[in-house]
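S.K.: I have a structure here, written as structure tokens, and I will follow up with some questions on it.
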């Protein structure tokens with residue numbers, strides 16, 4: 001309970017929430033209810049006033065190796081008696097990390113993919129992806145333009161494009177030696193959000209981000225960036241170095257769907 005009191009205090013400090021005069025019960029849609037039997041959870045002591053300025057994210061690791069993917073959604077395959085069903089599968093080990101910066105409105109503000117490798121030897125084709133059978137074919141008889149080659153349904157589809165507060169934000173591709181989060185990459189994520197100007201600070205309300213206790217959250221470069229008055233963020237880190245105790249996106253319904261969908265895509 002003490003942990004949540006600190007969280008609420010920081011949200012009020014940022015201006016994204018305010019304390020209620022009296023705690024109230026809410027239903028699953030956020031409406032105040034008198035009948036406790038219709039309530040969803042405990043009494044609410046605070047009200048979020050700027051959900052579009054309150055963000056959270058959590059990394060999810062992946063691997064191109066398909067050996068341990070199993071079969072999708074309990075799918076069954078037929079074969080001759082005594083013959084084992086075999087399917088083509090990649091055994092190439094290539095770890096990567098994905099995450100989506102999401103506002104409390106439920107909208108995605110930025111998708112991030114972290115590839116295993118070094119910044120100096122980054123592979124542009126890995127970042128754009130290659131579709132050998134694109135929905136929109138390239139022109140015949142001349143060299144295609146960049147616009148004709150890149151984008152959804154084209155030869156180089158690239159990542160998702162999020163639209164947040166009317167701003168279109170392409171997927172941010174990053175590289176690290178182990179394919180995971182680093183303090184430098186964390187700074188780049190917030191630089192990208194600020195560069196796109198998705199948050200208006202003119203009203204005095206600061207953007208707020210809720211993070212787990214991964215070690216990258218304590219890097220000096222990250223803490224210096226978010227505390228810079230020119231682009232200040234209010235950051236609440238829950239359970240330092242206790243990522244196994246606080247997982248913002250570790251609901252089995254979320255990760256289960258992601259795992260199944262990604263296995264099918266591979």
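S.K.: Going residue by residue through segment 189-205, is there one that turns out to be crowded, with 17+ Cβ neighbours inside 10 Å, within 26 Å of residue 18 (Cα to Cα) and out of contact with any helix residue (DSSP H, G or I) (no Cβ under 7 Å at 6 or more places or on another chain)?
M.R.: Yes; the residues of segment 189-205 include at least one that is crowded, with 17+ Cβ neighbours inside 10 Å, within 26 Å of residue 18 (Cα to Cα) and out of contact with any helix residue (DSSP H, G or I) (no Cβ under 7 Å at 6 or more places or on another chain).
S.K.: Yes or no: residue 107 surrounded by 12 or more Cβ atoms within 10 Å (Cβ to Cβ), in contact (Cβ under 8 Å) with a residue 12 or more places away in the chain, within 23 Å of the chain's Cα centre (by Cα) and under 30 Å from residue 171 (Cα atoms)?
M.R.: Here the answer is yes, as residue 107 does meet what is asked.
Each row is one residue, and each column tells you yes or no for (1) loosely packed, with under 13 Cβ neighbours inside 10 Å; (2) closer than 25 Å to residue 181 by Cβ.
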residue: 28; (1), (2): yes, no
residue: 33; (1), (2): no, no
residue: 45; (1), (2): no, no
residue: 64; (1), (2): no, yes
residue: 78; (1), (2): yes, no
residue: 89; (1), (2): yes, no
residue: 103; (1), (2): no, yes
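S.K.: Report whether or not residue 206 is over 25 Å from residue 48 (Cα atoms), at pLDDT 95 or above and either assigned by TED's automatic domain parsing to the domain that holds residue 117 or outside any loop (DSSP other than H, G, I, E, B) (or both).
M.R.: So residue 206 does not fit the description; no.
The values are calculated or read from the model by the stated rules, or taken from the named source; none is laboratory data. Keep in mind the model is a prediction, meaning the values are calculated, not measured. All Cβ positions, glycine included, derive from the backbone under ideal geometry; neighbour counts span all protein chains shown.
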